[in-house]
Structure formats: structure tokens, C-alpha cells
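Beneath this line is the structure, given in C-alpha cells, with notes to follow.
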Amino acid sequence: MSIDYSEKIPNNVDLAGDRKLQRALESWQPNFLNWWKTMGPALPTEDVYLRTAVDVGREGWAHFGHVAMEEYRWGVFLAERNHDRRIAFGERRGEPVWQQVPGEYRADLQRLIVIQGDTEPASVEQQRRLGETAPSLYDLRNLFQVNVEEGRHLWAMVYLLHAYFGRTGRTEAEALLQRNSGDLDSPRMLGAFNEETPDWLSFFMFTYFTDRDGKYQLGSLKESAFDPLSRTCEFMLKEEAHHMFVGTTGVDRVVARTAELTREHDSEDIAAHGGIPLDVIQKYINFHYSVSLDLFGSERSTNAANYFTAGLKGRWQEERRDDDHTLTEDAAEVAVVRDGAITTDEVSALLALNHDLRSEYVKDCQSGMKRWNRILERAGMDRRLSLPHVGFNRQVGEFAGHNVTPAGDLVGADAWNAKRDAWLPTEADKAHVRSLMRPVYEPGKIASWVSPPNTGINNKPIDYEYVHLP
Ligand SMILES: [Fe+2]
Ligand SMILES: [Fe+2]
């Protein structure tokens with residue numbers, strides 16, 4: 001299963017054994033590189049200390065070294081095949097998994113792959129200019145690591161489209177480079193991926209909340225009966241873990257610095273002292289969490305039910321669930337808005353699968369609050385951070401069109417709008433955060449608004465030259 005780097009496209013899927021597929025992907029490659037040059041990181045660099053996958057095994061799958069970013073070896077890496085793997089859920093539970101796409105599920109599977117594929121390059125586009133204001137070389141390197149891996153995740157989805165979906169797959173692969181984040185005429189498919197990531201607090205929030213949505217989507221696709229999709233997602237999840245590490249520790253460091261400045265100046269108004277006030281951090285949490293919740297779709301979804309029954313998309317950790325894995329007899333509670341109040345409805349568990357995945361995600365997001373509040377507590381601060389109610393600021397699903405406060409109260413539009421500036425980042429908040437974004441490119445130095453990291457990358461010191469600038 002080790003990766004062949006002698007090929008034009010590094011891979012562990014024996015591309016050389018399928019000349020037609022190899023040629024098709026080789027003709028997509030220049031388009032990808034052109035997209036990377038025009039829509040990828042804007043800051044010119046000489047080289048960056050990056051991790052490259054060299055194997056997909058449990059131990060030592062990555063190699064670290066300085067590489068020129070445009071020479072990064074993007075490729076196609078699938079986790080090892082389990083020859084005994086069987087479908088774990090749905091009406092075909094117990095049957096062998098599929099190595100090819102069954103005709104009746106072709107359209108649905110292609111759609112799931114395209115939607116996942118669309119998010120990968122989108123985030124690179126959103127983060128395009130962040131290198132120009134990196135708070136340290138360490139952070140700059142982490143940004144670029146996330147970017148090259150999102151590029152690789154695009155390769156992962158494009159491989160599936162080319163290898164298993166014929167001409168329509170190739171057309172969809174082209175379209176993945178033609179839509180662009182925030183583009184008025186051809187935007188990315190999902191709302192959160194058309195939002196801006198204009199500053200590093202947004203970047204840390206994005207990698208905490210939005211990459212974490214990715215973790216849950218990939219986790220449910222990893223359960224798929226379509227084995228190549230499952231194996232692709234399994235390996236993507238390994239890379240994804242670093243993206244969330246960047247978000248988690250990034251917010252840790254902002255909160256730590258905010259606490260430090262608040263104590264030092266004995267005031268929560270630390271804007272003038274080069275810090276980000278805690279209430280601004282809370283507003284960024286409110287925003288990024290709510291737009292990420294939208295990515296899970298409607299609480300009640302017949303599509304989700306059909307995908308599950310057919311074996312296309314499972315639940316988070318499907319095999320650890322203690323039930324019959326078909327859910328035909330089961331019920332679930334979902335929150336609904338009825339007669340001017342938030343209440344719950346009992347629905348078929350199959351219809352509530354988006355809600356199920358979202359609930360797992362919400363639990364996971366809580367862990368961030370815990371750790372950030374521990375930082376505040378240790379710093380002797382009384383204030384705490386929290387997740388807003390799931391109905392707050394939603395554009396998709398049951399709560400769309402309703403005015404829910406962060407505390408979970410249903411209020412009128414006027415009451416909600418009157419408090420909007422206390423709940424979501426205002427233009428002034430964003431302008432302040434942006435005003436702090438000045439690049440710090442000296443090894444070991446750090447911007448005013450964030451604490452230094454605890455450790456470096458791959459046992460390198462914090463003042464290591466992670467990035468060489470021209
Ligand atoms: Fe990704
Ligand atoms: Fe990611």
C-alpha cells in the first residue's frame with residue numbers, strides 16, 4: 001500500500017495499470033495547478049515545511065520537509081482495502097461492499113461526492129489572502145499545510161469521479177474548478193463555503209467549526225457501501241485531524257492572550273492594547289457555529305433516509321451503535337418550531353439522520369468550550385464562552401425564518417434585530433480584528449493578539465524557519 005512517487009500523479013491505486021484513467025487524470029492535473037496558482041495562496045513563498053503522505057498505514061504515514069508549494073505532490077491515496085468488509089447498515093446490511101457503483105445509486109453517489117468535493121477547494125479560496133497577515137511563521141506553515149491538504153482532498157474526490165462515473169464524472173470534476181467561493185455567478189454549493197475568511201480569528205474558527213463539519217461528513221461517508229469512497233474518506237480523516245488541531249489550539253491561544261491582556265490592564269476592553277475582547281470571540285463563535293450547523297441540512301430529510309437505507313451514507317461510528325442498523329422501527333426526537341414555541345416532534349429515526357449527525361457534532365463542539373473555559377478559569381476570569389442554541393441564526397432547516405436568541409428563546413424579528421450587534425460580529429468588531437492582522441515573519445516572533453504555541457511542528461522548535469519567504 002505504499003505510495004508510488006515515481007509517477008506524475010503519486011498514488012496507491014495502481015494508476016499505471018489503467019492507462020485511460022491515468023491519461024484522464026493527467027489531463028485534469030494542469031487545470032488543477034492553474035487553479036492553485038490563481039485561486040490558491042496569494043503570498044509568494046520559496047518553500048514551506050510541509051507534511052506529505054508517503055504511506056497510508058497506521059504508523060508513519062507522513063514525511064516532513066521543505067517543499068516549494070507548487071511542487072507539492074498531490075495525489076490519490078486510499079486506505080487499505082479490507083477484503084471481508086460488509087455493508088454495516090440499511091436494507092443491504094451484511095452483503096459484501098461494492099467495488100463498483102450500482103446503476104440504481106449512481107446519481108445519488110455522484111451527488112454526495114460532488115458536494116463533498118466542492119467544499120475542499122472552496123476553503124482554499126476562502127483562505128487565499130491569509131498568508132499576507134500571518135501572526136507567525138508557525139501559523140503561516142499551518143495555514144499552508146491545511147491548504148495543500150484541502151487541495152489533495154479535491155484530488156481524492158476527482159479520482160472517484162473519473163474512475164467510477166464516466167463522462168458525467170469528468171464533467172463534474174471540471175466544474176469543481178469552475179465554481180468559486182463567493183462568486184456571484186457560480187458560487188460554491190454550500191453557504192458556509194461562500195462566506196469570507198478575512199482574518200485569522202475567522203480562520204481558527206473556521207478550522208474549529210467548519211472543518212469539524214467535514215470530519216462528521218467524512219465519518220458518515222466512511223461507512224458507505226461503496227468501498228472506494230469509504231477508503232478515500234478514511235484516509236482523508238487522518239489529514240483532517242490536523243486541520244482541527246489548528247482550529248482548537250488557535251482559539252486556545254487567542255483566548256489565552258485575551259485573558260492575559262484583560263488581567264494585565266484590569267479591563268475587558270483590551271482592543272486598544274492590541275487584543276481581541278472576549279465578547280468579540282464569543283460573537284465569532286456564534287457566527288461560525290451557526291453557519292456550520294446549516295451544513296448538516298434539514299432536521300427531517302427523506303434524502304438522508306434514502307441514502308441510509310441504500311447503504312450510501314451511514315451514521316457517525318455506525319458499527320458502534322447498539323441497534324439493528326436498519327432503523328425501520330425506530331423513532332427519534334427532533335426540535336421543531338410550532339405555534340410560536342420551540343418543542344420536539346417524534347419522527348422516524350430514518351428521517352432524523354441529519355439531526356443525529358448534527359447532535360454528534362454539537363457534542364464534539366462542546367469540548368472546545370470546556371477547554372477554552374478552563375483557560376479562562378485558570379487565568380482567574382469569571383466570564384465563560386458558550387455555544388449558542390442550535391436554532392440561533394439559522395438559514396437551513398427547522399429554525400430558518402425564525403428568530404431564536406443564543407439562549408434559545410423564540411422572539412420577534414424586531415427584538416432579534418435590536419440585539420443582533422450583541423450576538424454577531426459587527427462591522428466595527430471585524431474592522432478591529434482586521435486592524436490587528438499584521439504579518440509577523442520573523443522566526444519565533446508572534447503577533448500581539450495571540451499567544452505563542454506550546455510546541456512546534458514535528459518536534460521542531462517554535463522559532464524554526466517553517467517558511468522561507470523570497
Ligand atoms: Fe478536507
Ligand atoms: Fe479540512
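Derivation of every value follows stated rules applied to the coordinates shown; laboratory data play no part. Being a predicted model, the structure only gives us computed values, none of them experimental. Note that we place each Cβ from the backbone using ideal geometry, even for glycine, and neighbour counts take in every protein chain shown.
Computed from backbone phi, the HN-Hα couplings of the stretch 403-413 come to 9, 10, 7, x, 7, x, 8, 8, 10, x, 4 Hz, rounded to whole numbers (Karplus: 6.51 cos²θ - 1.76 cosθ + 1.60, θ = phi - 60°; Gly and Pro given as x). Near Arg434: Cβ cut-off under 14 Å, other residues only, Lys/Arg at +1 and Asp/Glu at -1. The net charge is -2. Spin-label pair His402-Lys460: with each label point 7 Å from Cα along the Cα-Cβ axis, the two points sit 4.9 nm from one another. Ranking Thr344, Ala241, Leu15 by how far each Cα lies toward the positive end of the dipole of the stretch 15-468 (charges on Cβ) leaves Leu15 at the top.
Residue ranges 17-30, 422-435 sort as 422-435, 17-30 when ordered by packing (mean number of other C-beta atoms within 10 Å per residue, highest first). In this label model, Thr302 and Arg263 are separated by 5.8 nm, measuring between points 7 Å along each Cα→Cβ vector. Listed by chain and number, the aspartates and glutamates whose alpha-carbon sits under 18 Å from that of Lys460, ignoring those within fewer than 8 places in the same chain, are Asp47, Asp139, Glu442. Computed from point charges on the beta carbon alone (+1 for Lys and Arg, -1 for Asp and Glu), the dipole magnitude for the stretch 1-52 about its Cα centre is near 200 Debye. Think of the stretch 15-468 as a dipole: +1 on every Lys or Arg Cβ, -1 on every Asp or Glu Cβ, centred on the Cα centre; then among Ser448, Gly75, Thr262, Gly75 lies furthest on the positive end.
The stretch between Glu196 and Glu46, if pulled fully straight at 0.36 nm per residue, gains 51.3 nm over its current Cα-Cα span.
Shown is the FRET efficiency for His468 and Lys37, computed with R0 = 22 Å from the Cβ-Cβ distance and rounded to the nearest 0.05: 0.70.
How large is the helix-only mean residue ellipticity at 222 nm for the chain, computed as the sum of -39500 (n - 2.57) over DSSP H runs with n ≥ 4, divided by its residue count, in deg cm²/dmol to the nearest 500?
Result for the chain: -15000 deg cm²/dmol, rounded to the nearest 500.
Taking 0.36 nm per residue of separation and subtracting the current Cα-Cα distance, fully stretching the chain between Arg111 and Asp330 would add 76.1 nm. On full extension, the segment bounded by Arg383 and Lys8 gains 129.6 nm, given 0.36 nm per residue less the C-alpha separation. Here is the list for the stretch 318-396: trypsin sites (Lys or Arg not before Pro) lying in DSSP coil, each with at most 15 other C-beta atoms within 10 angstrom of its C-beta, are Arg321, Arg383, Arg384. Using Cβ point charges alone (K and R +1, D and E -1), the dipole size of the chain about the Cα centre works out to roughly 600 debye.
Taking 20 Å as the cut-off, the amide N atoms of the stretch 321-348 that come nearer than this to a point 7 Å along the Cα-to-beta-carbon line of Val411 belong to 337-343.
Candidates Ala62, Met157, Gly94 compared by Cα position along the dipole of the chain: farthest toward the positive end lies Ala62, with charges placed on Cβ.
Semi-axes of the equivalent ellipsoid for the chain, computed as √(5λ) from the eigenvalues of its C-alpha gyration tensor and ordered from largest down, come to 35, 31, 19 Å.
Over 26 Å between Cα atoms, which of Lys8/Lys37; Lys215/Lys370; Lys215/Lys445; Lys283/Lys370 qualify? Mind dumping the intermediate values first?
On the way: Lys8/Lys37 18 Å; Lys215/Lys370 20 Å; Lys215/Lys445 32 Å; Lys283/Lys370 17 Å.
Violating the 26 Å limit, Cα to Cα: Lys215/Lys445.
Each Cα pair under 8 Å and six or more residues apart adds its sequence gap; the mean of these over the residue count of the stretch 15-468 is a relative contact order of 20 percent. Each residue of the stretch 299-312 was assigned a 3J(HN,Hα) from its phi angle through the Karplus expression (A = 6.51, B = -1.76, C = 1.60, θ = phi - 60°), giving 4, 10, 9, 6, 4, 4, 4, 5, 4, 5, 4, 6, x, 7 Hz with x at Gly and Pro. Using the Cβ-Cβ distance between Ala418 and Arg93 with R0 set to 45 Å, the FRET efficiency works out to roughly 0.30.
Once C-alpha pairs closer than 8 Å and six or more residues apart are averaged by separation and normalised to the residue number of the stretch 170-324, the relative contact order reads 29 percent. For the stretch 172-188, the Karplus equation 6.51 cos²θ - 1.76 cosθ + 1.60, evaluated at θ = phi - 60°, returns couplings of 5, 5, 4, 4, 5, 8, 8, 6, 9, 4, x, 5, 5, 8, 9, x, 5 Hz by residue, with Gly and Pro reported as x.
Backbone amide hydrogens, once placed in the peptide plane, bring Val76 within less than 5 Å of Asn11, Asn12, excluding anything fewer than 5 places away on its chain. Peptides 445-453, 269-277 ordered by packing proxy, namely the average of other Cβ atoms within 10 Å per residue, highest first: 445-453, 269-277.
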